[in-house]
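Working notes for the structure below.
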Amino acid sequence: MTSLAEMGEARARVLDYVEQTHKAGGSIAAAISWFNVQYAARRLPKTLQRKAALAWQKPRDCILTESTYGKWVKQRKERGHSLPLVRQKEVGSQPWHSLAHSIRQRSPKQKHKAMLAQLHKTYPDISIHQLRRLYAVIDKELAQ
């Protein structure tokens, strides 16, 4: 998997290349098409060829679409970079964890939805996904 720093540099290089090609003459669509053709034929500069493969989160055939290009440009304007927003893992204990733990100790075979209903009486903003994630972490720690 590519690190975010590598992905950011790769996306910046791809965007710069397409913008330079566009400024040399032609439309954005033509510049994107030119990039895709050159990449497929392995005629891009070696560093750009390697970087282009790292520009996406998931492995793919590296086909840049106008939609993706537009999203990356918009992100770069708004945030200063075109990286995807990566959700940070929750660190530490939340106030509702102790209540969830006590509910589970009282009735360990109870379904998550029933536990969530009890938690919602005190903490209405908790989602089923947060509850499942908490129990997955607890179960993983207990298994070790």
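No lab work stands behind these numbers, since they all come straight from the coordinates. Model, not experiment: these values are computed from the prediction. Reconstructed Cβ throughout: ideal geometry from the backbone, glycine too, with neighbour counts over all protein chains shown.
Here are some notes:
- Restricting region 14-55 to trypsin sites (Lys or Arg not before Pro) that sit in a DSSP loop and have at most 12 other Cβ atoms within 10 Å of their own Cβ leaves Arg42, Arg43.
- Zero-based 5 Å bins, Cα pair distances in the chain, whole percents: 2, 8, 15, 15, 10, 6, 6, 8, 9, 9, 6, 4, 1, 0, 0
- Under the span-like rule (Cα at least 15 Å along the axis, Kyte-Doolittle mean at least 1.6), DSSP H helices of the chain: none
- Net charge dipole, the chain: roughly 320 debye, given to the nearest 20, about the Cα centre with Cβ charges of +1 for Lys and Arg and -1 for Asp and Glu.
- Leading residue at positive end of dipole, region 1-140 (Cβ point charges), from Val18, Ile128, Ile103: Ile103
- Bridging of Lys74 to lysines at a Cα separation below 20 Å is possible for Lys23, once same-chain residues fewer than 8 apart are set aside.
- Residues considered: Gly80, Gly92, Gly25. Largest GNM mean-square fluctuation over the chain, using C-alpha springs under 10 Å, is found at Gly92.
- Spherically averaged projected area of region 82-144 from its Cα convex hull (nm²): 5.6 nm²
- Positive-end ranking of Cys62, Gly8, Val37 along the dipole of region 4-79, with charges on Cβ about the Cα centre, is headed by Gly8.
- Only Lys, Arg, Asp and Glu carry charge here, each on its Cβ (+1 for the first two, -1 for the last two); on that basis region 97-143 has a dipole of about 200 debye about its Cα centre.
- Ordered by the number of other Cβ atoms lying within 10 Å of each residue's own Cβ, fewest first, Tyr69, Tyr123 fall into the sequence Tyr123, Tyr69.
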